[in-house]
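Visitor: My structure is below; once you've seen it, I'll send some questions.
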């Protein structure tokens, strides 16, 4: 049944208070607006029984709604097993209370697509939820989305209890060494030819397919979109990063929950990459890697792309597990500027405020305003400024020790030198941290 | 309200930095100096609160230059100041 009532734009949303006393000027972020058309996935043959594959039902529903000029695609209570969902302009994917969209762990449903990951142009499997060059797209409601990440992610023995490790080993897959498990041979092969998760030197389509299983997608990926909103929904168990708005303008993240297991490799919460005009408010993160992370491309490619992350407000968010509560980097070569982080709690993260980069990145990070941050039980540093980042979490560096010799000669400043300036931090309270602050040089971990 | 960092095992360690200003920082660490500066230039600290009876409050090492510290810190508790 098609309904023609009930606007989903939530015109009552009012974010004006966020701009009060903002220490930089930015335009108000546009809230997406949708037509009043409403369709339900069941109208197109969908079945929320947890077994039926609903990929085609979602595709048909989105296509039909788009032809009507857009509106709300309702997902009722139920378990909606599906392959990837591709949103287009003017679609609000609305999950009713009790609705769970459960993505299939069948890798063959996720074709390789061109995208950017870890700041570099590459190929990855298609994201479970994606949109590209769309205007007015949203995921709203009170339901949840699960990416079946356990099927995709490699696993390090040290990060899990023994019984879980044995269960995973028993499920199949291959071991790189006695402590590092991969789901398939292709996944392991991909890792062996990759630098920071991006395969190098692959020249043919068939070679890409050989390592396809390694190319874990971000669960939600919006690329070059305008007027994006995520509101109310739980996002959990992603194959790699959880939410990745990339090169988008006007992004609102409001009252969502983002979860990944603490052992999830690259299980970031949200990576806002080269986006402009962004609000992240009233949201909770409990993840396996960085929680709220700002990025803008890596090294020369990021500098040439020259798309900074800018005009970003993070307000009233909570982070539980995570490598960093609020993070800039390490891929920040396109720059980052005009960012306000206020009224947040970091409760049990590895690091509270984490800035990370390295020689080669270049890029300018400036006008960062951080205030009223409350932290408790920070495993390493409340405030870490690591400009010799090597890809390890702070806890891993601490556990491993750092045997790298202390740098005795400072290289000359070039366009490959990352720059950080005008960073203002005030009203920070942290209790039970290992160390108050650490702005390290290589080899100086205490 | 100060920038307040309580109950950490170690204090703050700042290395290879230029032009950092700290205002109203309160550190309560359990081990070592409250603040260590290594190869730091043009550092300016005002309003610093730290645990009483520390043998070393600030430790300055490497090629640090132009370090401005509050007069309230007893000189014999600043190690390495040139």
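Visitor: Within region A:197-211, which residues are more than 25 Å from residue A:159 (Cα to Cα) and not in a loop (DSSP other than H, G, I, E, B)? First the steps, then the outcome.
Guide: Taking region A:197-211 and keeping what is more than 25 Å from residue A:159 (Cα to Cα), we get A:200-210.
Answer for region A:197-211, where residues must be more than 25 Å from residue A:159 (Cα to Cα) and not in a loop (DSSP other than H, G, I, E, B): A:205, A:206, A:207, A:208, A:209, A:210.
Visitor: Do we have residue A:54 as touching a strand residue (DSSP E or B) at 6+ places or on another chain (Cβ under 7 Å) and under 21 Å from residue A:231 (Cα atoms) here? Walk me through it before giving the result.
Guide: On the way: touching a strand residue (DSSP E or B) at 6+ places or on another chain (Cβ under 7 Å): yes; under 21 Å from residue A:231 (Cα atoms): no.
The answer is no for residue A:54.
Visitor: When you go through A:210, A:191 one by one, which is the residue that is touching a residue at least 12 places away in the same chain (Cβ under 8 Å) and within 21 Å of the chain's Cα centre (by Cα)? Working first, answer last.
Guide: Details: A:210 fails: within 21 Å of the chain's Cα centre (by Cα).
None of the others qualify; the one that does is A:191.
Visitor: Go through region A:202-227 and count every residue that is under 26 Å from residue A:247 (Cα atoms) and touching a helix residue (DSSP H, G or I) at 6+ places or on another chain (Cβ under 9 Å).
Guide: Total satisfying the criteria: 7.
Visitor: Would you confirm whether any residue within region A:262-272 is touching a residue at least 40 places away in the same chain (Cβ under 8 Å), in the same structural domain as residue A:332 (by TED's automatic domain parsing) and within 21 Å of residue A:135 (Cβ to Cβ)?
Guide: There is at least one residue in region A:262-272 that is touching a residue at least 40 places away in the same chain (Cβ under 8 Å), in the same structural domain as residue A:332 (by TED's automatic domain parsing) and within 21 Å of residue A:135 (Cβ to Cβ).
Visitor: Moving on to the next point. If you go through region A:276-311, how many residues are assigned to a loop (DSSP other than H, G, I, E, B) and within 11 Å of residue A:120 (Cα to Cα)? Write out each step before concluding.
Guide: Within region A:276-311, the subset assigned to a loop (DSSP other than H, G, I, E, B) is A:282-283, A:287-291, A:296-298, A:306-308.
Next cut, within 11 Å of residue A:120 (Cα to Cα) only: A:296-298.
Of the residues in region A:276-311, 3 are assigned to a loop (DSSP other than H, G, I, E, B) and within 11 Å of residue A:120 (Cα to Cα).
Visitor: Restricting attention to region B:12-29, does a residue exist that is more than 11 Å from the chain's Cα centre (by Cα), assigned to a strand (DSSP E or B), surrounded by fewer than 20 Cβ atoms within 10 Å (Cβ to Cβ) and modelled with pLDDT of 90 or more?
Guide: Yes, region B:12-29 contains at least one residue that is more than 11 Å from the chain's Cα centre (by Cα), assigned to a strand (DSSP E or B), surrounded by fewer than 20 Cβ atoms within 10 Å (Cβ to Cβ) and modelled with pLDDT of 90 or more.
Visitor: Which one is surrounded by the fewest Cβ atoms within 10 Å (Cβ to Cβ), of the residues in region A:26-76 that are within 13 Å of residue A:102 (Cα to Cα) and in contact (Cβ under 8 Å) with a residue 40 or more places away in the chain?
Guide: A:50
Visitor: Please state which of the following conditions residue A:109 fails to meet, knowing it meets all the rest: (1) touching a residue at least 60 places away in the same chain (Cβ under 8 Å); (2) surrounded by fewer than 19 Cβ atoms within 10 Å (Cβ to Cβ).
Guide: Exception for residue A:109: condition (1).
Visitor: Which of the residues spanning region B:47-70 are part of a strand (DSSP E or B) and loosely packed, with under 13 Cβ neighbours inside 10 Å? Steps first, answer last, please.
Guide: The first filter runs over region B:47-70 and keeps only residues part of a strand (DSSP E or B), leaving B:47-49, B:58-61, B:65-68.
Those that are part of a strand (DSSP E or B) and loosely packed, with under 13 Cβ neighbours inside 10 Å: B:66, B:68.
Visitor: Checking residue A:258 against (1) crowded, with 24+ Cβ neighbours inside 10 Å; (2) not assigned by TED's automatic domain parsing to the domain that holds residue A:96: exactly one of these is not met. Which one?
Guide: Against the list (1) crowded, with 24+ Cβ neighbours inside 10 Å; (2) not assigned by TED's automatic domain parsing to the domain that holds residue A:96, residue A:258 comes up short only on (2).
Visitor: Which of the strands (runs of 3 or more DSSP E) contained wholly in region A:119-196 include at least 1 residues that are assigned by TED's automatic domain parsing to the domain that holds residue A:232 and in contact with a strand residue (DSSP E or B) (Cβ under 7 Å, 6 or more places away or on another chain)? Give the derivation first.
Guide: Numbers: elements: A:120-125, A:129-132, A:135-141, A:144-146, A:174-177, A:180-182.
Fully inside region A:119-196 and qualifying: A:120-125, A:129-132, A:135-141, A:144-146.
The values are calculated or read from the model by the stated rules, or taken from the named source; none is laboratory data. Since the model is a prediction, treat every value here as computed from it, not as a measurement. Heads up, the Cβs are rebuilt from the backbone with ideal geometry, glycines too, and the neighbour counts pull from every protein chain shown.
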